[in-house]
Amino acid sequence: METIDDLQMCEEAAMAAIALQAAHRQPQQVSAAELRPLDPDIVSAAIPAFFIGRNAIGLWVAREARGRIGGLFLFKSSAVDFARRQSAPARCALVFPVETFELDIDNRGNPLIVLAARLLGRSHAAL
């Protein structure tokens, strides 16, 4: 049975791994405003679309293509689950940009991620 201390250690290890990955990769960053809705010839406007990618410090970002909702997450699976929940009962298109991007709207994802972002931002700056 896992204890609170075990879970906290796992979470801290995950945040440290994300910070280390972010320090070693420097992909091009685009602003979220450049993540435009998809061409209706490719994906119907009736299908919700979400951009899922990483921000500069390595957290996962899920942002609806039109900027109506988005969130920050520690895990990719959490960002994908968020996108699917927000578009339910319909399905959604998931787009994974290569570039990093920042969430430019209110965080409706993990409410505790603000604390993780502060910690990761400090450790990223120190590297």
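Every number here is computed from the coordinates shown, using simple stated rules; none is lab data. Keep in mind that this is a model prediction, so the values were computed, not measured. Neighbour counts are summed over all protein chains in view; Cβ atoms, including those assigned to glycine, are modelled from backbone coordinates with ideal geometry.
One residue alone among 106, 81 is in a loop (DSSP other than H, G, I, E, B) and at negative phi, and that residue is 106. Of all residues in the range 44-88, those being touching a helix residue (DSSP H, G or I) at 6+ places or on another chain (Cβ under 8 Å) and either among the β-branched types (Val, Ile, Thr) or over 23 Å from residue 120 (Cα atoms) (or both) number 8. Considering only residues in the range 79-100 that are closer than 14 Å to residue 58 by Cα and within 10 Å of the chain's Cα centre (by Cα), the one that is surrounded by the most Cβ atoms within 10 Å (Cβ to Cβ) turns out to be 79.
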